[in-house]
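Asks: Sharing a structure below in structure tokens format, with a few things to ask.
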């Protein structure tokens, strides 16, 4: 029989050869068939009894004839047309392929022969019996396990070599590659690829390879990994500094609240709750014009309570604001939100919304007046200070008029 198979199907081809021998009861050509299959898949490297000298660094064979033979194959495995890679970053795959193929050849062929011998011995044992046959059965049964293990390990190793080549095709010589891109290339889950990469890194298939802390990015050079570590340290330092600033701000806030009058603190906290409700209503109402009015109300309310915090004595000025104005404003905003969400905007809904919008203007005007009144004492103090300053300047002859006349009347 003549075979023209590639490396990817080598395991299936060997198993098919064994199955053909079992079906036809002809095992005379089994060894030669397997040798021809491996020789065809590996580019004639097994035509001699001596295995080829494989350079693990470059993956090149020392036999010139084998190289020329592979060069002339028109339909060779597609993964061989890989993007040129830096051999200082990755190990070669030729030696790994040869090892996997050898394991598969020995495992499948010897396993099949051993299994057939076991079956023959079992049949003879049932017909003849005898202790020697029982010993032979035990020995053959024990041999089947390692041969089967060799076949499985070789098949898995060849599959891993194929995936490694696909990874290199995806990386294309870059220093970084996302695990998701590799998973997409081989059509496997991310977790599968991460496990695969960890094995390859442990076994030095990627000579300078590293995975990031979250197993989401493969770095193929030590320089890229050092840069990643530097950025991570910088990020950790920034996060630490931000955490320290936040802790300091929280401590200062606790100290401020502890020093504040409990009644004033309670009013400010209630005011903040009203502000949150106003912001929530604004987020839920899409209209730009009414949204601007609500934003104005939120800004004025924030400034009013900021003033109370600066001057606790002004808390008495906002009693009506807390008891009536703010609760009414929030109630109107929630009603507007419900009306605006109706799919059909009838005349009654439109009229009610318009009336609420006009009321918001009225409330904003009232809040502006209240905020201005809260600065009345400050305005008086400023006016008094300015008046005293002008009087003192006049007494010293330092007014603008005195400068022009040289201090003479």
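Asks: Sticking with the crude label model, points 7 Å out along Cα→Cβ, report the distance from residue 366 to residue 145 in nm, one decimal please.
Replies: Output for this residue pair reads 9.0 nm.
Asks: Which order do peptides 350-358, 328-336, 362-370 fall in by mean Cβ count within 10 Å, highest first?
Replies: 328-336, 362-370, 350-358
Asks: I've got another one for you. Averaging sequence separations of C-alpha pairs under 8 Å and six or more residues apart, then dividing by the length of region 261-373, give the relative contact order as a whole percent.
Replies: With pairs under 8 Å counted, the relative contact order is 37 percent.
Asks: How far, in nm, would the chain grow between residue 187 and residue 302 when pulled straight, counting 0.36 nm per residue and subtracting the alpha carbon separation?
Replies: Stretched fully, the residue 187-residue 302 segment lengthens by 35.9 nm.
Asks: Shape of region 261-373 from its Cα gyration tensor (a ≥ b ≥ c, root eigenvalues): rounded if a/c is under 1.5, otherwise prolate when a/b > b/c, or oblate?
Replies: Numbers: a/c = 2.60, a/b = 2.21, b/c = 1.18.
The shape class here is prolate.
Where a number appears in this text, it was derived from the coordinates with a stated rule and is not lab data. Note that the structure is predicted; figures quoted are calculated from it, not measured. Neighbour counts are summed over all protein chains in view; Cβ atoms, including those assigned to glycine, are modelled from backbone coordinates with ideal geometry.
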